[in-house]
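Novice: My questions will all concern the structure given below.
The values are calculated or read from the model by the stated rules, or taken from the named source; none is laboratory data. Bear in mind that the values here come from a model prediction, so they are computed numbers and not experimental data. We place every Cβ from the backbone using ideal geometry, glycine too, and count neighbours over all the protein chains shown. SASA here: full protein model, heavy atoms, side chains in, ligands and nucleic acids out. Shrake-Rupley method; radii C 1.70, N 1.55, O 1.52, S 1.80 Å.
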Amino acid sequence: MEITVTGRHAEVPDRFRRHIEDKLAKVGQLDSRVIRCDVVVTHEPNPRQAKAAKRVEITCRARRAVVRAEASADEEYAALDLAMTKLLERLRRQHDKRRVHRGRQTPLSVAEATAALAQPDPAQADGEPAVRPDAAKVGGDEDCPVRLREKVHQSHPMSLDEALSQMELVGHDFFLYHDVDTDRASVVYRRRGWSYGVIHLEVDESSRPEPQQSETA
């Protein structure tokens with residue numbers, strides 16, 4: 001398993017790198033399919049954020065699956081322990097799910113369990129905001145206070161059940177995917193308790209606004 005450790009606004013000592021590699025050795029015991037782990041250690045220079053000055057992000061990549069966890073603390077070793085706890089729990093959950101599905105009794109799929117959900121309310125979808133303080137400025141305007149981080153993820157068409165599983169593995173409250181059954185761009189998101197919602201995007205070409213013509217003198 002390949003392990004890469006990157007420091008963002010911080011240098012990562014060799015001793016801490018070795019400690020990370022020792023910790024990540026447990027990943028292969030839970031999921032032998034993981035071929036790469038990317039670790040990013042970030043330092044927050046703002047003294048007001050001293051209690052969360054160190055952040056550790058761990059991303060484990062396997063074939064058609066990504067498991068991710070992150071945590072912050074006042075020092076990097078504590079942040080790593082918190083992130084590893086989240087990561088190993090998600091790996092155990094994934095391992096147990098595969099083991100149950102291979103048994104004689106197949107549990108109710110997530111897609112079937114959520115089929116009776118009411119129409120989702122987009123206003124209740126909680127997720128990572130698009131506006132981030134460390135992202136690129138919108139429009140290249142130096143005076144613009146709005147900053148936006150743009151990300152492009154490679155994926156494949158998947159079912160609702162797989163999308164919900166992927167959302168749980170990365171620890172987000174929403175997950176963008178291309179639905180293989182409806183052939184639409186879709187978003188699943190977490191609601192209150194153990195309920196989920198799904199939004200499908202349908203493009204209506206007839207509602208496209210007419211291009212405005214420039215006025216001539």
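Novice: If a residue has to be of a type outside the set (Val, Ile, Thr) and in a strand (DSSP E or B) to count, how many in the stretch 173-192 make the cut?
Specialist: 11
Novice: Would you say Tyr196 is under 24 Å from Ala83 (Cα atoms), hydroxyl-bearing (Ser, Thr, Tyr) and either in contact (Cβ under 8 Å) with a residue 40 or more places away in the chain or surrounded by 20 or more Cβ atoms within 10 Å (Cβ to Cβ) (or both)?
Specialist: So Tyr196 fails the test.
Novice: Same structure, new question: Which residue out of Leu148, Leu176 is at pLDDT below 80 and within 30 Å of Arg8 (Cβ to Cβ)?
Specialist: Result of the check over Leu148, Leu176: Leu148.
Novice: With surrounded by fewer than 12 Cβ atoms within 10 Å (Cβ to Cβ) and modelled with pLDDT of 85 or more as the only criterion, which of Asp141, Asp121, Asp183 stands out?
Specialist: After ruling out the rest, the residue left standing is Asp183.
Novice: Then there is this: Polar (S, T, N, Q), at pLDDT 70 or above and over 21 Å from the mean Cα position of the chain (by Cα) - does that describe any residue in the stretch 86-98?
Specialist: no
Novice: Restricting the search to the stretch 19-51, which residues are open to solvent by 40 Å² or more (accessible area, probe 1.4 Å) and within 13 Å of Glu76 (Cβ to Cβ)?
Specialist: His19, Lys23, His43, Glu44
Novice: From Glu11, Glu2, which residue is out of contact with any Cys (no Cβ under 6 Å at 6 or more places or on another chain), modelled with pLDDT of 85 or more and within 25 Å of His153 (Cα to Cα)?
Specialist: Just a single option satisfies the conditions, and that option is Glu2.
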